[in-house]
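Report on the structure given below.
The values are calculated or read from the model by the stated rules, or taken from the named source; none is laboratory data. Note that this is a predicted model, so its numbers are computed, not measured. Note that we place each Cβ from the backbone using ideal geometry, even for glycine, and neighbour counts take in every protein chain shown.
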Amino acid sequence: MTNFGNYEERVKGFSWALSEQELGYQPGQIINIGWYCSDRICQLGKADKTALIWEGFTGEKKIFSYNDIRLYSNVFAQFLTDLGIKAGDRVCLFMDRVPELYIGFVGILKTGAIAQPLFSAFGEESLFIRLENAQTSAIFTQKKHVSKVRKIRERLPHLKHIIIVDYDGKTPLQAREVAFSMEGSKKVEHYDIYPTYAETPSVLHYTSGTTGMPKGVQHVHYSLISQYLTAKWVLDLKDDDIYWCTADPGWVTGTSYGIIAPFSLGITQCVLDSGFSAEAWYKFIEKNRVTVWYSAPTAIRSLMKAGDEIIKKFDLSSLRHLASVGEPLNPEAVNWSIRVFGKPFHDTYWQTETGCIVITNFPGMPVKPGSMGRPFPGITATVLNPNNYEPYPEPGRIGLIGLKPGWPSMMRTYWNNEEAYKNKFRNGWYLTGDRARIDKEGYFWFVGRDDDVINTAGHLVSPFEVESALLEHPSVAESAVVSKPDPINMEVVKAFVTLKPGFTPSKDLELDIMNFIRKKLSPLAMPQEIEFVDSLPKTRSGKIMRRILHAKEWGEEIGDTSTLEND
Ligand code: PRX
């Protein structure tokens, strides 16, 4: 039996009150995600249950019970309170997938402050843009990443505390730095959790758009209501499961379904803090007897590439339910997983902005390989005509995926950018920025994005951000950034560049520019190819026509070029 059961029955008369009741929450009462993820589970009699099995890249292993999560998150919370952090302040987590990242997140929420997780592979400029925009007060980081913070701290006057979670005393602490040891601190049996309510801000995740700098997607504590229920129904999480979500909490999957959902359900989850290798992943599943596995298409394609032979070396019979998110899941990947694991990957579709899964292939329902599945009960999803933002009355038409706002984990705004937020709505629909069609049975089929944002290995990269960074390289005069197809990552970043006088194209220059972007932004944003050109296609008003370059890379029709400058 699945937790979900039958689609039609679940949809009929659905109300989010069901989730509220299961969580023992009554509208108007205090709701604090930190409490739900630790203290409540202990109160339900599961204090000794394993919450987190953690393995580092050296093979080091640590296990934390729910009582440990409760006590250590209290340690974090008390430490922040003693530093003077107040409710509403932004506190950043800039760390690899160490236990402090998961538990610190819970601790920050207990103080009423807003957790701002950022991917630890970000270079200093990506970090700066996001800390500056959020006016972040404190950042938790590790020794290995602190040099990036040091390079930008003078430009961040509001960043009062740089907290190093693994300080070893070997080199002196610098300005605003403070050492903190989660396990070395005195346990805090009682912490006065800040009384947050449904609409109190909880998490700020930065996401990339086509134009302008990254936007801070702001969620609230009430998001728990839909994160809890979607995890229960879509990931089919049950009390005796061993769950593995491979996403990094620098991104929304890693917080919604890597921290909030499993901890609020009182599930045992495991985390592997190391890079990808098929062998290491299969070994991890075998060793921990993983039952529910939530991953991403790029990882699945990489596993496919590693071949079927390697799978036979491991006992993966514990796997019970598989799910995927972040990019289109190819039908071949679904068919492959049926062949090698005896079960399909279930696609789940959602966004940083939606906070929870909104369209999915439900457990127990027939999977149509290549389709994203059907809307979650309580989510009204449709395909809109781009000309009038009305839903297409008939199935089969390609249009914009629109969602009726109102589910608990819908973003509440873009941080300090209400205008961009308002611009996401038309005719009462929230526009996802994606295109799809719906078939006769109500299944959604993803077609593509409706903007220039690049989805590489499940991570969104803004062409604008990369173009801006490219212009800071001494040799670059102009740049245009588009995606190009890639068999594993689906898309990768490609840059077209014109050079300043005195510079000539060369392999060395290409590598130098690539490295410049990797360090400044991140390995994800680094162009995999730089093409040096004499000029870029522009409109008569001087706007670079990325569309033309994109079409060339994808072997598509170039379309209307009547506005092209050098026509
Ligand atoms: O374009 C869609 C793609 O990823 C975008 C959201 O990215 P982000 O906010 O970073 O959140 C990723 C994890 C929730 C979407 O607008 N996307 C996400 N899931 C799918 C997908 N594209 C196709 N199929 C999916 N299942």
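Points worth noting:
- Filtering the stretch 133-155 to residues that are in a loop (DSSP other than H, G, I, E, B) and surrounded by fewer than 19 Cβ atoms within 10 Å (Cβ to Cβ) leaves GLN135, GLN142.
- When ALA231 is tested against (1) away from the ligand (no atom under 16 Å from the Cβ); (2) touching a residue at least 24 places away in the same chain (Cβ under 8 Å), only condition (1) is not met.
- Look at the stretch 446-460: where a residue is within 24 Å of PRO523 (Cα to Cα) and of a type in the set (A, V, I, L, M) and a partner is more than 9 Å from the ligand (Cβ to nearest atom) and in a strand (DSSP E or B), sitting 6+ places away or on another chain with Cβ atoms under 6 Å, you get ILE454/VAL461; ILE454/SER483; ILE454/GLU491; ILE454/VAL493.
- Taken over the stretch 315-358, the criterion of being charged (D, E, K, R) and part of a helix (DSSP H, G or I) is satisfied by GLU332, ARG339.
- Subset of the stretch 283-312 (residues that are under 20 Å from PRO487 (Cβ atoms) and touching a Leu at 6+ places or on another chain (Cβ under 7 Å)): PRO297
- Qualifying residue in the stretch 538-547 (condition: modelled with pLDDT under 95, buried (at least 18 other Cβ atoms within 10 Å of the Cβ), more than 22 Å from PRO474 (Cα to Cα) and not acidic (Asp, Glu)): yes
- Of all the residues in the stretch 442-487, those that are part of a loop (DSSP other than H, G, I, E, B), within 14 Å of the ligand (Cβ to nearest atom) and under 23 Å from the mean Cα position of the chain (by Cα) number 7.
- Residue pairs whose Cβ atoms lie under 8 Å apart, separated by 6 or more positions or on different chains, with the first residue in the stretch 314-329 and closer than 30 Å to THR207 by Cα and outside the structural domain of ILE357 (by TED's automatic domain parsing) and the second within 16 Å of the ligand (Cβ to nearest atom) and not hydrophobic (A, V, I, L, M, F, W, C), do not occur.
- Summed over the stretch 390-420, residues that are over 27 Å from ALA17 (Cβ atoms) and either in contact with a His (Cβ under 8 Å, 6 or more places away or on another chain) or in a helix (DSSP H, G or I) (or both) total 3.
- Applying the condition of being without any contact (Cβ under 8 Å) to a residue 60 or more places away in the chain and in a strand (DSSP E or B) to the stretch 268-297 and asking which residue is farthest from TRP251 (Cα to Cα) yields VAL292.
- Residue match in the stretch 418-436 (condition: buried (at least 17 other Cβ atoms within 10 Å of the Cβ), under 19 Å from the mean Cα position of the chain (by Cα), farther than 20 Å from SER324 by Cβ and of a type in the set (A, V, I, L, M, F, W, C)): yes
- Residue pairs meeting the criteria (Cβ under 9 Å; at least 6 apart or on separate chains; first free of Cβ contacts under 8 Å to residues at least 40 places away in the same chain, in the stretch 180-203; second assigned to a loop (DSSP other than H, G, I, E, B)): SER181/VAL165; SER181/ASP166; SER181/TYR167
- Any hit, the stretch 214-227, residues being assigned to a loop (DSSP other than H, G, I, E, B) and either buried (at least 18 other Cβ atoms within 10 Å of the Cβ) or of a type in the set (Lys, Arg) (or both): yes
- Selection status of THR210, part of a helix (DSSP H, G or I) and either within 16 Å of the ligand (Cβ to nearest atom) or in the same structural domain as LEU524 (by TED's automatic domain parsing) (or both): no
- For GLY399, the conditions (1) more than 14 Å from the ligand (Cβ to nearest atom); (2) in the same structural domain as PRO505 (by TED's automatic domain parsing); (3) of a type in the set (Gly, Ala, Ser) are fulfilled apart from (2).
- A single member of LEU156, LEU118, LEU101 is aliphatic (A, V, I, L, M) and either without any contact (Cβ under 8 Å) to a residue 40 or more places away in the chain or farther than 21 Å from SER522 by Cβ (or both), and it is LEU156.
- Among the numbered conditions (1) more than 19 Å from SER38 (Cα to Cα); (2) within 16 Å of the ligand (Cβ to nearest atom), the only one that THR255 does not meet is (1).
Here is a yes/no grid of residues against (1) without any contact (Cβ under 8 Å) to a residue 40 or more places away in the chain; (2) in contact with a Gly (Cβ under 8 Å, 6 or more places away or on another chain); (3) within 23 Å of TYR222 (Cα to Cα); (4) of a type in the set (Val, Ile, Thr):
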{"site": "THR2", "(1), (2), (3), (4)": "no, yes, no, yes"}
{"site": "SER19", "(1), (2), (3), (4)": "no, no, yes, no"}
{"site": "THR50", "(1), (2), (3), (4)": "no, no, no, yes"}
{"site": "GLU60", "(1), (2), (3), (4)": "yes, no, no, no"}
{"site": "PHE64", "(1), (2), (3), (4)": "yes, no, no, no"}
{"site": "ASP68", "(1), (2), (3), (4)": "yes, no, no, no"}
{"site": "ALA77", "(1), (2), (3), (4)": "no, yes, yes, no"}
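- Checking ALA525 against (1) crowded, with 24+ Cβ neighbours inside 10 Å; (2) outside any strand (DSSP E or B); (3) touching a Lys or Arg at 6+ places or on another chain (Cβ under 7 Å); (4) not aromatic (Phe, Trp, Tyr), the condition it does not meet: (3)
- Qualifying residue in the stretch 194-208 (condition: more than 29 Å from ASP68 (Cβ to Cβ) and β-branched (Val, Ile, Thr)): yes
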